[in-house]
Amino acid sequence: MSSQVPKSSGKAPLKSISASKHAKKTRKKAIDPTTGVIFKSAVKKCVKECVPDGSVTITRNALCILCGIAEAVLEDISRISCELANKVKKKTIGGEDVSSACELLMIGELRNLCVREVRNTVTKFNQQKAAK
């Protein structure tokens, strides 16, 4: 009798069940980009600035809500500043247009804070531009 080598079925040998359990890695739940979490890092920085000791954290739902508010405010400011630029027949939006849009959109103390921040940002940008 001739010694014959047993034929393989062409499939790879099965791995043990315990090895396959360890091979699976759990992934974090991905945040849907359509929920408007564009300003996630900015909102977290603001919370960290307001509560530096870290005693207050923010939930994912609250983060999504704050990001939505920030996105809505910026959309309104950009829409109004675009309308202001179109009225004076300009093709670019300047810092004055954004400042005027903040004055038109916001009310009360929030208006003063927004206008002050816009002016500070514009002057800081102009100083950096002049330094180069």
Long-range neighbours under 9 Å by Cβ, at least six apart or interchain, first residue within 27 Å of VAL47 (Cα to Cα) and polar (S, T, N, Q) within segment 60-86, second outside any helix (DSSP H, G or I) and modelled with pLDDT under 95: SER78/ILE93
Which pairs do you get when a residue that is within 15 Å of CYS67 (Cα to Cα), found in segment 41-52, comes within reach of a residue that is β-branched (Val, Ile, Thr), reach meaning Cβ atoms under 8 angstrom, with the pair 6+ apart or on two chains? VAL43/ILE58; LYS44/ILE58; VAL47/VAL56; VAL47/THR57; VAL47/ILE58
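Does ARG119 satisfy being free of Cβ contacts under 8 Å to residues at least 60 places away in the same chain and more than 18 Å from ALA70 (Cα to Cα)? It would help to see each step written out before you state the result.
On the way: free of Cβ contacts under 8 Å to residues at least 60 places away in the same chain: yes; more than 18 Å from ALA70 (Cα to Cα): yes.
Spelling it out, ARG119 is indeed free of Cβ contacts under 8 Å to residues at least 60 places away in the same chain and more than 18 Å from ALA70 (Cα to Cα).
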On the basis of being assigned to a loop (DSSP other than H, G, I, E, B), touching a Ser or Thr at 6+ places or on another chain (Cβ under 9 Å) and surrounded by 11 or more Cβ atoms within 10 Å (Cβ to Cβ), does ILE58 make the cut? no
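Please state which one of LYS28, LYS7, LYS24, LYS91 is exposed (fewer than 10 other Cβ atoms within 10 Å of the Cβ) and at pLDDT 90 or above.
Values: LYS28 fails: at pLDDT 90 or above; LYS7 fails: at pLDDT 90 or above; LYS24 fails: at pLDDT 90 or above.
When all the criteria are applied, what remains is LYS91.
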Considering (1) within 18 Å of ALA42 (Cα to Cα); (2) buried (at least 16 other Cβ atoms within 10 Å of the Cβ), say which one MET106 fails and leave the rest. (1)
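The values are calculated or read from the model by the stated rules, or taken from the named source; none is laboratory data. What you are looking at is a predicted structure, and each value in this text was computed from that prediction instead of being measured. Cβ: placed from backbone, ideal geometry, glycine included. Neighbour counts: every protein chain shown.
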